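Heads up: the structure comes next, in structure tokens.
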Amino acid sequence: MFCIYYSYAQKGVDFTYNIISEYNKQLKKFPNIEIVNAINDSIIQESIDIIYNKNNKRPLHLDAYCFKTKERLPALILIHGGGWKSGDKSMLKPLAQTICRNGYQCFAIEYQLSDEAKYPQSIDNILEAIAFLKNDVKKFKIDTLKIGILGCSSGGQMASLIGTKYSHTIQAIVNLDGILAFHHPESKEGILASEWLGGTYEEKPEIWEDASALSHVSKNTPPILFINSQFERFHAGRDNMIQILNQYTIYNQVKQIENSPHTFWLFHPWFNETALYITQFLDKILKSNP
């Protein structure tokens, strides 16, 4: 048995990519996979569907998974995947809960999808969510100097872009199988990327470059953890980024999840390994320094 934590959302929003559709898609190749159940733990205080933005065609929400404490703790922003077009923040509930139990305030963010708005609007949404959380540190118990960002697939691309382009707001990046460069020999991005970026590379080359985290790596880029499947297309630009990070002596790690689907973070038997890599990295970067 498994727990369905998919949230049915606003009319007109594409939710074809969800935990059930992905489970059914991967089951044939991986017959032993299991959907990860949500956690019931009294140490976690959950607040679902908090409105952080009322200025769009629909209000935008975030889900808060806060470790019960009187102290301010490091925060982690989580960004779901779905090809910039689909998906839902609730898909990251078990991961957010698991990381929260290790002493982090975790926030899964809803943002405008590509059918609703083009780049960079969804990036602006996430920046607005971070500002919203920072403005109420008393409620959310956040250490504003220790904020990490994590994303999965297209969310990993977005997290890496925010962490590099807006490095003053982020102290750690976790990229789960998200590309680092759109126009790259390893990249297979086409229709979905074009829909989000407002045109093909031939039509909008400057936007394709600006939306690529690789274009923004600098001496100010925070430490980054890459967790990848065996599919090269989902880490396009990673090795180029690592070369630059190493030139600036910026800490980085690569962890490979072998024999897994692209969406390994959603399922057992890969979930626990993934969560362990994440918490070990975050502990090193966000907890080891005063």
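The values are calculated or read from the model by the stated rules, or taken from the named source; none is laboratory data. Being a predicted model, the structure only gives us computed values, none of them experimental. Because the Cβ atoms are built from the backbone with ideal geometry, glycine has one as well, and the counts that use them run over all protein chains shown. Please note that ligands, DNA and RNA were not included when accessible areas were found on the heavy atoms of the full protein model with its side chains. Shrake-Rupley method; radii C 1.70, N 1.55, O 1.52, S 1.80 Å.
Structure data summary
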read-out: Rh by Kirkwood over Cα pairs, then Stokes-Einstein D for the range 56-160 at 1.306 mPa s and 10 °C, µm²/s; value: 116 µm²/s
read-out: Spatially close lysines, pair count over the range 81-155: Cα under 30 Å, gap of eight or more or interchain; value: 20
read-out: Potential extension, Ser218-Ile191 segment - 0.36 nm per residue separation minus Cα distance; value: 6.8 nm
read-out: Inter-label distance, nm, simple model (7 Å from Cα along the C-beta direction), Phe231/Glu34; value: 2.4 nm
read-out: Residue (of Ala236, Ile173, Phe140) at the positive-pole extreme of the chain, dipole from beta-carbon charges; value: Phe140
read-out: Residue with peak Gaussian network fluctuation, the chain [Cα springs, cutoff 10 Å], from Thr263, Thr69, Thr221; value: Thr69
read-out: The range 182-225 shape via C-alpha gyration tensor axes, a/c threshold 1.5; value: prolate
read-out: Accessible solvent surface per residue of the chain, calculated while the other protein chains remain in place, 1.4 angstrom probe, Å²; value: 44 Å²
read-out: By accessible area with a 1.4 Å probe, ligands and nucleic acids excluded, highest first: order of Ser194, Ser288; value: Ser288, Ser194
read-out: Proximal aspartates and glutamates relative to Lys57, as straight alpha-carbon distance under 13 Å, when same-chain residues fewer than 8 apart are discounted; value: Asp115, Glu116
read-out: Per-residue ³J(HN,Hα) for the range 13-18, Karplus 6.51 cos²θ - 1.76 cosθ + 1.60, θ = phi - 60°, Hz, x for Gly and Pro; value: 9, 7, 10, 5, 8, 8
read-out: Share antiparallel - DSSP beta bridges, the chain, percent rounded to 5; value: 35 percent
read-out: Neighbourhood net charge (12 Å Cβ-Cβ; Lys/Arg +1, Asp/Glu -1) for His80; value: -1
read-out: Rg/Rh ratio calculated on Cα atoms of the chain (Kirkwood radius); value: 0.93
read-out: Carbon plus sulfur fraction of accessible area for the range 48-201, probe 1.4 Å, in percent; value: 51 percent
read-out: Cα→Cβ-extended label distance, 7 Å offset, between Arg58 and Gln243, nm; value: 4.2 nm
read-out: Share antiparallel - DSSP beta bridges, the range 106-242, percent rounded to 5; value: 0 percent
